[in-house]
Amino acid sequence: MRFLTAIVQLPLVRQVVGTKIRTPEDVLHTCEDIASLAQESFHVLAVDAKNRLIGRCMATLGVVDSCLIHPREVFRGAIMKNASAIVLVHNHPSGDSTPSAEDVRITRQLIEAGKVLDIKVLDHVILTPPSGDEKKGKCCSLREEGLCTF
């Protein structure tokens, strides 16, 4: 018996290209679809020189409390989109937006990789699902928390 496989590529999310990404709340609005996922998902927002969104890609999909990140996957989409900068985004299904030591470590590593590639890492935003009667989740910016030097 022979089986054929059909590969269909569909966008994972609908993105509004041209949206200005200035604040963590802009990132939350752009990526609110991943805030409530049951497992960690790490996304990269590629922006042009004026911080307008030119692309979004999922770099990796993890498990309930972690995801494996490598600079190669993070910067691949940004290079293909000819991005000037990127914003890192991932979710914490636990509902606690506090960055882990690993979140800080990988962010610092990606900032250094971006310097080599001349693609600036603007921020790393952690999203959490809405709780109770909230309509939107919460976010935590490593830039605003002063945890990394961007």
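For this structure, a couple of remarks:
- Counted residues, the stretch 34-68 - those being among the β-branched types (Val, Ile, Thr), under 20 Å from GLY137 (Cα atoms) and touching a Lys or Arg at 6+ places or on another chain (Cβ under 9 Å): 1
- Just one of the listed residues (PRO93, PRO130, PRO71) is within 19 Å of ALA35 (Cα to Cα), out of contact with any Lys or Arg (no Cβ under 7 Å at 6 or more places or on another chain) and not β-branched (Val, Ile, Thr), namely PRO93.
- Per the conditions (1) modelled with pLDDT of 95 or more; (2) among the polar types (S, T, N, Q); (3) surrounded by 13 or more Cβ atoms within 10 Å (Cβ to Cβ), the sole criterion not satisfied by SER97 is (1).
- Test result for ILE54, in a strand (DSSP E or B), out of contact with any helix residue (DSSP H, G or I) (no Cβ under 7 Å at 6 or more places or on another chain) and modelled with pLDDT of 95 or more: yes
- Residue list for the stretch 68-83, filter: in a loop (DSSP other than H, G, I, E, B), within 27 Å of LYS20 (Cβ to Cβ) and without any contact (Cβ under 8 Å) to a residue 40 or more places away in the chain: LYS81, ASN82, ALA83
- When THR60, THR98, THR107 are checked against the criterion of being in contact with a strand residue (DSSP E or B) (Cβ under 9 Å, 6 or more places away or on another chain), polar (S, T, N, Q) and in a helix (DSSP H, G or I), a single residue qualifies: THR107.
- Whenever a residue of the stretch 93-110 is within 17 Å of ASP123 (Cβ to Cβ), its partners that are assigned to a helix (DSSP H, G or I), lying with C-beta atoms within less than 7 angstrom and at least six residues away or across chains, give the pairs GLN109/PRO71; LEU110/PRO71; LEU110/VAL74.
- GLU145 surrounded by 13 or more Cβ atoms within 10 Å (Cβ to Cβ), of a type in the set (Asp, Glu) and within 18 Å of GLU25 (Cα to Cα): yes
- Taking the stretch 110-121 as the range and being surrounded by 21 or more Cβ atoms within 10 Å (Cβ to Cβ) and part of a strand (DSSP E or B) as the test, only VAL121 passes.
The values are calculated or read from the model by the stated rules, or taken from the named source; none is laboratory data. Please read all numbers here as calculations on a predicted model, not as lab measurements. Don't worry about glycine lacking a Cβ; one is built from the backbone with ideal geometry, like all the others, and counts go over all protein chains shown.
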